[in-house]
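To start, the structure itself, in structure tokens.
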Amino acid sequence: MQAILHIPKRRVIIVTWKGENKSTEVFSSLKNFCLSYTQYNYHSLTNHLSKTDKSYENETIKIERAPVFTKPKGVVAKPDFYKALFWDFDYDKINWQQSYRTVIERVLERGTQAERDELLRYYGKEKVISTLMNEIKYLPDYTINDVCSYFGLKKEDMVCYVRMQSRKEHWT
């Protein structure tokens with residue numbers, strides 16, 4: 001059985017003035033428009049717009065309802081990274097939410113500043129920092145230093161640094 005996502009229908013009021021100035025205004029509701037321009041009757045306009053589902057028009061004005069297209073809360077378009085960063089994955093099939101640890105690790109280790117900015121835009125600073133501190137098990141020293149200076153973190157607070165210190169070195 002297919003789940004149906006109910007997204008409320010949101011609309012705005014677009015008012016186009018005719019004549020010499022030919023300007024356009026956008027209102028969040030018809031009521032707000034009628035409060036701003038008291039010569040227009042809210043009930044008459046609502047009645048006209050709801051019956052015909054078309055615009056209201058006279059010699060000075062055109063009023064129409066237009067849908068507002070929004071994404072469901074929490075949905076962000078997929079990130080825009082250089083595909084070569086993910087050479088070992090099918091880039092178009094990456095589940096960006098599920099693979100966040102790998103993506104964050106890869107971008108911080110090998111990405112440019114623009115890709116790091118995109119990482120922060122997509123996942124948010126809090127998620128990136130939390131993942132760095134608690135979930136990423138390995139980062140090279142240069143990346144740890146970069147991340148600590150960029151985010152103002154202490155090396156000792158990062159799981160990857162603590163794990164590195166607890167392992168015995170082969171080359172002493």
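Side notes on the structure shown:
- The helices (runs of 4 or more DSSP H) found wholly in region 110-172 include none carrying at least 3 residues that are touching a strand residue (DSSP E or B) at 6+ places or on another chain (Cβ under 9 Å).
- Any hit, region 76-87, residues being touching an Asp or Glu at 6+ places or on another chain (Cβ under 8 Å), modelled with pLDDT of 90 or more, aliphatic (A, V, I, L, M) and surrounded by 13 or more Cβ atoms within 10 Å (Cβ to Cβ): yes
- Any hit, region 107-123, residues being basic (Lys, Arg) and touching a helix residue (DSSP H, G or I) at 6+ places or on another chain (Cβ under 7 Å): yes
- Trp96, sole failed condition from (1) surrounded by 14 or more Cβ atoms within 10 Å (Cβ to Cβ); (2) in a helix (DSSP H, G or I): (2)
- Among residues that are of a type in the set (Ser, Thr, Tyr) and farther than 28 Å from Gln165 by Cα, Tyr122 is included.
- Contact annotation: residue pairs with Cβ atoms under 7 Å, 6 or more positions apart or on different chains, pairing a residue in region 128-145 that is assigned by TED's automatic domain parsing to the domain that holds Gln113 with a partner that is among the hydroxyl-bearing types (Ser, Thr, Tyr) and at pLDDT below 90, are Ile144/Tyr161.
- Tally of residues being within 18 Å of the chain's Cα centre (by Cα), touching a residue at least 12 places away in the same chain (Cβ under 8 Å) and within 23 Å of Ile144 (Cβ to Cβ) across region 80-106: 4
- Residues of region 9-52 that turn out to be out of contact with any strand residue (DSSP E or B) (no Cβ under 7 Å at 6 or more places or on another chain), in a helix (DSSP H, G or I) and not hydroxyl-bearing (Ser, Thr, Tyr), as a count: 7
The values are calculated or read from the model by the stated rules, or taken from the named source; none is laboratory data. None of the values given here were measured: they were computed from a predicted structure. Because the Cβ atoms are built from the backbone with ideal geometry, glycine has one as well, and the counts that use them run over all protein chains shown.
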